[in-house]
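> Attaching a single structure in structure tokens format; questions to follow.
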Amino acid sequence: MPDRSQLEAFQTPSDTPFVIEHVSEEFTSVCPKTGHPDFGHVTLRYQPRSASAGGVCVELKSLKLYYQSFRNEGIYYEAVTNSIRDDLVQLMNPEWLQIITDWKGRGGIRSTIRADHGDVPPHFRGR
């Protein structure tokens, strides 16, 4: 299982709503069916709760180490995406969070998986 203990957070710096986007272009895991490596990009978008509501943001080094804990994990794309969403929601309890995993093609098929939590912020709709 991925190492959730790697994840750390810090207090959000604002009471004004804002959206954060982090992109990891070096995500790897292992196909549980074939044992072959899977390579993908992970995009994390979220709106933290306000500072006065105790909102937090994920610390980037901890996020990188967490992503790296999937490296030898035999796990399907869908489970990767949902695990990341669930672990980050548990860590931060954001107003809104979206995980998009975009996987390199194998056998002529490319996959993109999206998992959301909460309602898309009004100032972010349509993007």
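> For segment 96-111, enumerate the residues that are of a type in the set (Val, Ile, Thr), without any contact (Cβ under 8 Å) to a residue 60 or more places away in the chain and touching a helix residue (DSSP H, G or I) at 6+ places or on another chain (Cβ under 7 Å).
Across segment 96-111, the qualifying residue is only 99.
> Please state which one of 59, 95, 73 is within 19 Å of residue 31 (Cβ to Cβ), more than 11 Å from the chain's Cα centre (by Cα) and of a type in the set (D, E, K, R).
73
> Sticking with this one: Which members of segment 45-85 meet the condition of being assigned to a strand (DSSP E or B), under 19 Å from residue 14 (Cα atoms) and not aromatic (Phe, Trp, Tyr)?
Passing the criteria: 45, 47, 56, 57, 58.
> Could you say which residue among 45, 110 is under 13 Å from the mean Cα position of the chain (by Cα) and of a type outside the set (Val, Ile, Thr)?
45
> Just name the residue that is surrounded by the most Cβ atoms within 10 Å (Cβ to Cβ) out of those in segment 110-120 that are on the phi < 0 side of the Ramachandran plot and modelled with pLDDT of 90 or more.
Looking at the filtered set, the residue picked out is 113.
> Here is a check on your reading of the model: is residue 13 closer than 29 Å to residue 123 by Cα, over 12 Å from the mean Cα position of the chain (by Cα) and not in a strand (DSSP E or B)?
Answer is yes for this residue.
> Are any residues in segment 86-109 part of a strand (DSSP E or B) and surrounded by fewer than 17 Cβ atoms within 10 Å (Cβ to Cβ), and if so, which ones?
Passing the criteria: 104, 105, 106, 109.
> Exactly one condition in (1) touching a Pro at 6+ places or on another chain (Cβ under 6 Å); (2) within 15 Å of residue 4 (Cβ to Cβ); (3) surrounded by fewer than 19 Cβ atoms within 10 Å (Cβ to Cβ) is not met by residue 74; state its number.
Checking residue 74 against (1) touching a Pro at 6+ places or on another chain (Cβ under 6 Å); (2) within 15 Å of residue 4 (Cβ to Cβ); (3) surrounded by fewer than 19 Cβ atoms within 10 Å (Cβ to Cβ), the one that fails is (2).
> Can you name the number of the only condition in (1) under 20 Å from residue 1 (Cα atoms); (2) out of contact with any His (no Cβ under 6 Å at 6 or more places or on another chain) that residue 56 fails?
Only one criterion is unmet by residue 56, namely (1).
> So, of the residues in segment 25-38 that are of a type in the set (A, V, I, L, M, F, W, C) and more than 15 Å from the chain's Cα centre (by Cα), which turns out to be farthest from residue 71 (Cα to Cα)?
So, considering only residues that are of a type in the set (A, V, I, L, M, F, W, C) and more than 15 Å from the chain's Cα centre (by Cα), the one farthest from residue 71 (Cα to Cα) is 31.
> Within segment 3-42, can you find the residues that are in contact (Cβ under 8 Å) with a residue 40 or more places away in the chain, under 17 Å from residue 117 (Cβ atoms) and not charged (D, E, K, R)?
7, 9, 12, 17, 19, 22, 42
The values are calculated or read from the model by the stated rules, or taken from the named source; none is laboratory data. Note that the coordinates shown come from a computational prediction; the quantities given were computed from them, not determined experimentally. Here the Cβ is made from the backbone with ideal geometry for all residues, glycine too, and neighbour counts use every protein chain on show.
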